[in-house]
1. Charges only on Cβ, +1 for Lys and Arg, -1 for Asp and Glu: so what's the dipole of the stretch 2-81 about the Cα centre, in debye to the nearest 20?
2. Among bridges DSSP assigns within the chain, what percent are antiparallel (round to 5)?
3. So for the chain, if I pair up every lysine 8 or more residues apart or on another chain, how many of those pairs have alpha-carbons under 25 Å apart?
4. In angstroms, what radius of gyration and Dmax does the chain have, counting Cα atoms only?
5. Would you be so kind as to identify which of 52, 4, 16 lies farthest towards the positive end of the dipole of the stretch 2-81, taking Lys and Arg as +1 and Asp and Glu as -1 on Cβ and the Cα centre as origin?
6. What residues have an amide H closer than 5 Å to that of residue 26, excluding those fewer than 5 places away on the same chain, when H is modeled at 1.01 Å from N in the peptide plane?
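Only the coordinates and a few stated rules stand behind these numbers; no lab work does. For clarity, every value in this text was computed on a predicted model and none was experimentally measured. A quick note on method: Cβ atoms are made from the backbone with ideal geometry, for glycine too, and the neighbour counts reach across all protein chains shown.
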Amino acid sequence: MTVVSTKEFTSNQEWYFDLAVSEDVFIKRGNGMFHLLFKPAELKYPDQPVLAPDDNLRKAITAEELLERIHKDIHNKYESRI
């Protein structure tokens, strides 16, 4: 069992997430504690299979691309009203 402060956890999140796979990790905040619990997706949702990448995923755009397209649409709408 490992107990860490929120500051220590924030500084080394990846390490503590990896540690939570093999042992209990508690994050102390004020007078309370949070339990960092590792749960594989297969156990959390046993009746829902983990999907493999497909053609739809390959067609997906990034958040940056979406934001750029939205900005263009907003600009075009604004320009058409002037």
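1. Numbers: 11 positive and 14 negative charges, 85 e Å.
The calculation lands at about 420 debye.
2. On the way: 5 of 9 bridges.
Antiparallel bridges: around 55 percent, rounded to the nearest 5.
3. On the way: 7/28; 7/39; 28/39; 59/72.
Lysine pairs meeting the criterion: 4.
4. 21.6, 64
5. Value: 4.
6. 2, 3, 4, 36
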